[in-house]
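Below is one structure, written out as structure tokens, with a few remarks after it.
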Amino acid sequence: MSAPSRMHALDETALVRGASSGFTVLIIGELMSPVVAGIHPVIGLLWLSLVGAAGFVVAGSRVGMARRTWLQGGLAALAALTLTIPLRMLVGLDTAAQWYAVAVSGVFGLVVGAIAGRSAGAVRDRADS
């Protein structure tokens with residue numbers, strides 16, 4: 001049986017693994033934020049944006065055998081962000097501005113994850129041929 005016939009629209013196992021990996025990057029990066037800001041204030045200002053992008057790329061790159069790699073990547077990145085919401089609520093996610101920031105991060109995650117997923121799928125397909 002050839003690989004394309006075994007492909008499904010989404011690979012649920014890879015989706016969960018991508019979300020978990022992205023979540024780990026997001027949490028560790030956000031916990032390191034005060035340390036980075038203390039070491040270098042300019043990098044500290046950009047740190048959370050860089051960590052967000054890195055977490056979404058890591059999550060979106062886990063495409064497994066998914067046929068729709070852009071959708072797989074976008075959903076994995078969004079799931080990684082969604083996993084951080086309970087922790088954000090513990091530290092005070094209670095204002096409209098904070099929810100707006102989460103919504104903007106969600107859109108950013110969808111876009112970055114979709115691009116990462118499509119790129120990972122292209123690399124996977126090139127290696128298979």
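Read the figures in this text as sums done on the coordinates, not as results from a lab. Values in this document were obtained by computation on a predicted structure and should not be read as measured data. With ideal geometry, Cβ positions are generated from the backbone for all residues, glycine too; neighbour counts draw on all protein chains shown.
Using the membrane-span-like helix rule (whole DSSP H runs, Cα extent along the own axis of at least 15 Å, mean Kyte-Doolittle hydropathy at least 1.6), which helices of the chain qualify?
Details: long enough: 12-39 (40 Å, 1.19); 41-60 (29 Å, 1.99); 69-90 (33 Å, 1.22); 96-128 (47 Å, 0.69).
Helices meeting the span and hydropathy rule in the chain are 41-60.
Listed from fewest to most Cβ neighbours within 10 Å, the set 81, 46 follows the order 46, 81.
Would you please put 105-114, 12-21 in order of how densely packed they are, using the mean number of other Cβ atoms within 10 angstrom per residue and starting with the highest?
On the way: 105-114: 20.3, 12-21: 18.2.
Descending packing order for the listed peptides: 105-114, 12-21.
Fully extending the segment from residue 94 to residue 124 would add 6.6 nm, taking 0.36 nm per residue of separation and subtracting the current Cα-Cα distance.
Relative contact order of the chain: what whole-number percent is it, with Cα pairs under 8 angstrom and at least 6 residues apart?
On the way: 199 pairs, mean separation 41.1, N = 129.
The normalised contact order for the chain reaches 32 percent.
For region 3-128, what does the alpha-carbon gyration tensor say about shape, rounded, prolate or oblate, given a ≥ b ≥ c as the root eigenvalues, a/c under 1.5 as rounded, and a/b over b/c as prolate? Here region 3-128 falls in the prolate category.
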